[in-house]
Every structure is written in C-alpha cells, then in structure tokens.
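Below: the structure, in structure tokens.
What follows draws every value from the coordinates through simple rules; no lab data is involved. Source: prediction; values computed, not measured. No Cβ is skipped: glycine too gets one built from the backbone with ideal geometry, and neighbour counts run over all protein chains shown.
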Amino acid sequence: MVNRINKTELNQIIQKTYKYMCKICLEKFEDTNEQDYPVCKECRETFTKKQINIYKQLEKSGPSTRTQLVSSTNIARSTLFDNLTILKLYGVVEKKRVPIQRGRPLELWSLV
C-alpha cells in the first residue's frame, strides 16, 4: 500500500528543504546558522550585497522597472543598472520590454 501525502504536507516538506538552499544556484548548503541568509557561501563570494539586495527585492515584488527598484532598494540608478547587467550576465535576471500605448516601452526586470 502506498502512503499518499496531501498538498499541505508536501508544501511543508518542500519549504523545510528549500529553507536551506541557495536561492540563486539552488544548491543545498550545510550551515544552518545562515537560514536567514538565502545565499550559499559560494554565491556570497560571487555576488555583492547590492546584487543580493536586488535579487531579494525582485523575488519579493516580482517584475519591476529600474525606477521601482531604485526606490525600493535605495541604490543609485547607475549603480543599480550596472548590478542588473552583471546579474543578467550570470543568468539570474532578465529584461523584458513591455509595449505601452504611447512612448517608449517599459523595461521590466525579473528573475529567470
């Protein structure tokens, strides 16, 4: 007889496992003292605090324009753009152009 797990139990199991996984590379890490910091040591060495802050904000708010990210992260616009470009090169974020009725299309940044 097969034991079935309901969706609530499955979500709890996934959340417990995901709690100790790097949100960027999705690799498990052992150091449970770092549970509030969702990035493993390798990614922490690769990414700066500003880049991780941008990542967390995009995760929290979803697709956002640069103006929205500037106001929510308190990072200067040019610095933000430089860091978004680096995150894009690593394949962590992507930029999409959304057409609007008039003027330039919106550039929305989101997690991949």
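Things worth noting here:
- DSSP-assigned coil residues among chymotrypsin sites (Phe, Trp or Tyr not before Pro) in region 62-112, each with at most 15 further Cβ atoms within 10 Å: TYR90
- Per-residue 3J(HN,Hα) values for region 86-91, derived from phi via the Karplus relation 6.51 cos²θ - 1.76 cosθ + 1.60 with θ = phi - 60°, read 5, 4, 5, 5, 7, x Hz in sequence order (x marks Gly and Pro).
- Going by neighbour counts of Cβ atoms within 10 Å, the residues ILE86, ILE54 line up, fewest first, as ILE86, ILE54.
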